[in-house]
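Asks: The following block contains the structure, expressed as structure tokens.
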Amino acid sequence: MRRVQPRQGKSYELREALPTVERFQELRAAAGMSARSREGVERGLPNSVYGVTVVEEGSDTVGMARIVGDGGSVYHVCDMVVHPDHQLQGLGTQLMDAVMAYLDEHAPPNAYVNLTVDVDGFYEHSKIASRFSRTSERAF
């Protein structure tokens, strides 16, 4: 857990943790991402390779990102979202930095890293492809 320095003076913590099933669904809905069934989320979240959240101090989880895959040769970065009320404060960048740090430390050379998105053009706004030398593509 570490403090996140937002641009607008609010206090946040970055945590290596997954959101609750309910908050996972709420964040995706708030950001206009496609819905996932409760059953699917209940099964899927515990199988994550890595998860990171941003929590507003004294409040709830306001952002998340996770990695799924086999933990060796294939990694899928997915479910990257910051609640619209908390966007434009650098929280998404902090989440992606945590994901990238995990991959840099744990993904073996030549591992395949896939960037999975629900929103067209999402990763074009970040520098992830240029910051990470492994393969990155958009998945459908």
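The values are calculated or read from the model by the stated rules, or taken from the named source; none is laboratory data. Bear in mind the structure is a predicted one, so any value in this text is a computation, not a measurement. Quick reminder, even Gly has a Cβ in these numbers, built from the backbone with ideal geometry, and neighbours come from all protein chains shown. When the accessible area is computed, the model is the full protein with side chains, heavy atoms only, and any ligands, DNA or RNA have been set aside. Shrake-Rupley method; radii C 1.70, N 1.55, O 1.52, S 1.80 Å.
Asks: Being open to solvent by 60 Å² or more (accessible area, probe 1.4 Å) and among the polar types (S, T, N, Q) is the filter here, so list the residues in the range 33-65 that pass it.
Replies: Ser37, Asn47, Ser59
Asks: Okay, moving on. Right, Val113: assigned to a strand (DSSP E or B) and modelled with pLDDT of 95 or more or not?
Replies: Taking the combined requirement at face value, the residue does not satisfy it.
Asks: Within the range 41-63, track down each residue that is closer than 18 Å to Met80 by Cβ, out of contact with any helix residue (DSSP H, G or I) (no Cβ under 8 Å at 6 or more places or on another chain) and assigned to a helix (DSSP H, G or I).
Replies: Gly44, Asn47
Asks: Going by the structure shown, is Val68 of a type outside the set (D, E, K, R), modelled with pLDDT under 95 and either in contact with a Ser or Thr (Cβ under 9 Å, 6 or more places away or on another chain) or open to solvent by 30 Å² or more (accessible area, probe 1.4 Å) (or both)?
Replies: No: the conditions fail for Val68.
Asks: Can you pull out every residue in the range 18-32 that is of a type in the set (A, V, I, L, M, F, W, C) and open to solvent by 40 Å² or more (accessible area, probe 1.4 Å)?
Replies: Those that are of a type in the set (A, V, I, L, M, F, W, C) and open to solvent by 40 Å² or more (accessible area, probe 1.4 Å): Leu18, Ala29, Ala30.
Asks: For Met33, all conditions in the list (1) assigned to a helix (DSSP H, G or I); (2) at pLDDT below 95 hold save one; what is the number of the exception?
Replies: Of (1) assigned to a helix (DSSP H, G or I); (2) at pLDDT below 95, only one is false for Met33: (1).
Asks: Here's a check for you: in the range 71-110, which residue that is in a loop (DSSP other than H, G, I, E, B) and open to solvent by less than 60 Å² (accessible area, probe 1.4 Å) is farthest from Leu18 (Cα to Cα)?
Replies: Result: Pro108.
Asks: Here is a follow-up. Pairs needed: first member in the range 40-54, over 24 Å from Gly92 (Cβ atoms); second member anywhere, of a type in the set (A, V, I, L, M) and assigned to a helix (DSSP H, G or I); C-beta distance under 9 Å; at least 6 residues apart or different chains.
Replies: Glu42/Val21
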